[in-house]
Amino acid sequence: MSRSGVAYTPSSPRQRGELPEVQETLSERLFSAKDRREQRRLARYLERLAVALDDQYGFEAWQTATDAADACRAVLGDEDAAELGGRLGPAARNVLDVALGLGYGDSAA
């Protein structure tokens, strides 16, 4: 009987103080509050990134990747543009990997 006076019957034959067995599929779905906050933060970040990436289609001067690279070199200079390329490369690969994991099926990937 519980403190509130409600009687209950245990659903599993376990000893007092023994933790119930957790099925592996259930335990894989259990996340700490911190994990869930980070997951929500990451999902929201990727949603914002997708919106920002869609903006590229609004640039009339950006018809090819070379157009974009030339614009970056013109605005940033060769050294800073090269640094930007070094940062974009791995980041773009990570985003593509996530897109593929979410079901994106580009034959060129």
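All of the numbers you see were taken from the coordinates with simple rules; none came from a lab. Worth saying up front: this structure is predicted, and the values here are computed from it rather than measured. Backbone-built Cβ (ideal geometry, glycine too); neighbour counts: all protein chains shown.
Values for this structure:
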quantity	calculated
Where labels lie 7 Å past Cα in the beta-carbon direction, separation of PHE59 and ARG36 in nm	4.0 nm
Shape call, region 61-109: gyration tensor on alpha carbons, a/c limit 1.5	oblate
In sequence order, calculated HN-Hα J values of region 36-52 (Karplus, 6.51, -1.76, 1.60; Hz; x Gly/Pro)	5, 4, 5, 5, 5, 4, 5, 4, 5, 4, 5, 5, 5, 4, 4, 5, 4
